[in-house]
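Data block below; observations after.
The values are calculated or read from the model by the stated rules, or taken from the named source; none is laboratory data. A quick note: this is a predicted structure, and the numbers were derived from the prediction, not measured. Every residue, glycine as well, gets a Cβ built from its backbone with ideal geometry; the counts of neighbours run over all protein chains shown. When the accessible area is computed, the model is the full protein with side chains, heavy atoms only, and any ligands, DNA or RNA have been set aside. Shrake-Rupley method; radii C 1.70, N 1.55, O 1.52, S 1.80 Å.
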Amino acid sequence: MREYKFKNADEAFNFYYGVIPYEGERFDNTFAMFNQGFTIENPLDRMITNEARNFNVEYAEAEWQWYLSGDPSIQKLGEIYGKVPQIWKRMADSLGNVRSNYGWQWQRNHQIDKVVAMLKSNPETRQAAISIYDGKEIDTYRNDTPCTYAVQFTVLDNKLNMSVYMRSNDLWYGFCNDQYQFASLQELIAERTGYEMGTYYHHAHNLHLYNNKII
């Protein structure tokens with residue numbers, strides 16, 4: 001498994017956008033590369049500037065505000081953004097809630113507060129982790145399945161580093177929007193703990209492009 005370092009999320013996107021069609025395997029209507037891990041050296045530089053992608057930062061920020069609310073209802077996203085994207089409508093249950101709202105997952109059982117407390121009391125903790133996908137809850141994933149297993153934080157040289165582990169990651173939509181949310185979470189935890197921002201390590205078991213997005 002090769003691992004790469006990129007200055008920012010845009011550099012990571014451009015690299016894999018060019019590589020996946022050539023090195024990926026045909027897999028369930030996608031071209032996929034497995035067990036891809038890379039480091040983003042400046043997580044705060046989270047804009048995707050590739051013109052073909054046409055990244056909507058207004059929507060990404062609205063999604064972040066939705067996650068901050070901890071409300072799993074797509075109606076809340078609609079209030080913030082002005083409308084609800086179709087993808088969320090397809091995944092919502094009969095009550096209009098989604099399991100893939102990372103903010104709701106982060107705040108279940110006060111996971112963020114516990115991580116902040118651990119990092120403050122013991123900078124060398126190996127337990128500052130937030131779980132999202134849970135196989136024990138698989139029966140609740142009838143409408144949508146969280147793409148991320150977990151997020152873990154480690155302090156090195158007084159800098160807060162973050163690792164994100166994903167079971168499945170669509171480069172075009174998923175990575176671009178998710179990295180914005182994860183980097184925002186890292187910034188939030190850094191602010192609450194007083195550490196400087198470190199690096200963001202991203203691991204995807206299945207990193208893919210859908211066939212209709214192949215160059």
Practice task
Quick one: count up the residues across the range 88-109 that are within 16 Å of the chain's Cα centre (by Cα) and open to solvent by 30 Å² or more (accessible area, probe 1.4 Å).
Solution key: 3
Problem - Number of the exception - E191 against (1) in contact (Cβ under 8 Å) with a residue 12 or more places away in the chain; (2) surrounded by fewer than 18 Cβ atoms within 10 Å (Cβ to Cβ) - result: (1)
Handout entry: Neighbours by Cβ (under 6 Å, 6+ apart or cross-chain): first from the range 127-140, on the phi < 0 side of the Ramachandran plot and free of Cβ contacts under 8 Å to residues at least 60 places away in the same chain; second in a loop (DSSP other than H, G, I, E, B) and open to solvent by less than 40 Å² (accessible area, probe 1.4 Å)
Key = I132/P146; Y133/P146
Fill in the blank from the handout: Given the conditions (1) loosely packed, with under 15 Cβ neighbours inside 10 Å; (2) on the phi < 0 side of the Ramachandran plot, every one holds for T30 apart from (1)
Problem - Residue check for S94: of a type outside the set (D, E, K, R), touching a Pro at 6+ places or on another chain (Cβ under 6 Å) and part of a loop (DSSP other than H, G, I, E, B) - result: no
Practice task
Exactly one condition in (1) surrounded by 15 or more Cβ atoms within 10 Å (Cβ to Cβ); (2) within 25 Å of S69 (Cα to Cα) is not met by H203; state its number.
Solution key: (2)
Practice task
Mind listing whichever residues of the range 35-72 are more than 20 Å from D10 (Cα to Cα) and either crowded, with 20+ Cβ neighbours inside 10 Å or among the aromatic types (F, W, Y) (or both)?
Solution key: W66, Y67, P72
Exercise for the section: Taking Y102 as meeting all but one of (1) touching a residue at least 60 places away in the same chain (Cβ under 8 Å); (2) closer than 23 Å to K76 by Cα; (3) out of contact with any Phe, Trp or Tyr (no Cβ under 6 Å at 6 or more places or on another chain), write down the number of the exception. Expected result: (3)
Handout entry: Candidate set: the range 162-188, residues that are open to solvent by less than 30 Å² (accessible area, probe 1.4 Å) and charged (D, E, K, R); chosen: the one farthest from T30 (Cα to Cα)
Key = D178
Completion exercise
Of the residues in the range 125-161 that are more than 17 Å from Y102 (Cα to Cα) and among the hydroxyl-bearing types (S, T, Y), the one that is least open to solvent (accessible area, probe 1.4 Å) is T125
